[in-house]
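The values are calculated or read from the model by the stated rules, or taken from the named source; none is laboratory data. Small disclaimer: the values here were computed from a predicted structure and weren't measured. Note that each Cβ is placed from the backbone with ideal geometry, even for glycine, and that neighbours are counted across all protein chains shown. Protein only, heavy atoms only, side chains kept; ligands, DNA and RNA dropped before computing areas. Shrake-Rupley method; radii C 1.70, N 1.55, O 1.52, S 1.80 Å.
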Amino acid sequence: MTQFRLNGSKMLAVDLAGETIRALNGAMVAYEGQMSFKRQGMTGGEGLRGALKRRIAGEGMTLMEVTGQGTVYLASEATEVNLVQLHGDTLFVESESLLALDGQLQTGVEFVGLRGMGTGQGLATTKVSGSGTVAILSNGP
């Protein structure tokens with residue numbers, strides 16, 4: 001069973017037993033065991049339509065699939081890592097703040113329109129839904 005755990009406040013350790021997670025491309029710091037890494041591109045598992053929506057909305061995120069047995073360590077530019085548990089919920093997060101998520105979670109683009117422009121977010125944000133763990137990044141605790 002996939003287990004997300006913090007290794008300090010700025011590194012995420014994910015224990016895998018044959019499962020797959022998706023993580024920010026380039027966020028892998030180290031790993032133990034047998035792992036395979038596959039770049040997904042900007043689709044985040046959504047297919048061509050999802051990639052097109054992301055490009056139009058300016059909500060670009062490049063993910064990689066990590067599958068294996070062992071532990072993978074992830075981090076991004078020494079930012080703080082926070083874990084959010086979803087239980088059939090939906091989380092809206094800026095793509096640049098997404099570090100990793102359980103492989104069974106769904107991602108999509110949510111258009112927020114002009115209200116997003118007023119807050120500096122842009123026209124769209126990333127929607128993560130389902131049940132599992134999401135690791136997000138922040139500049140402070």
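Here is how the numbers come out for the structure above:
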read-out	value
Label-point separation in nm, Gln3 to Lys38, each point 7 Å along Cα→Cβ	2.6 nm
Listed peptides 98-105, 73-80 by packing density, highest first (mean Cβ within 10 Å)	98-105, 73-80
Accessible area expressed per residue, the stretch 64-103, with surrounding protein chains retained (probe 1.4 Å, Å²)	42 Å²
Label point 7 Å beyond Cα of Tyr73 along Cβ direction - residues of the stretch 8-32 with amide nitrogen under 13 Å	8-14, 28-32
Inter-probe distance in nm under a simple model that places probes 7 Å from Cα toward Cβ, at Thr62 and His87	3.7 nm
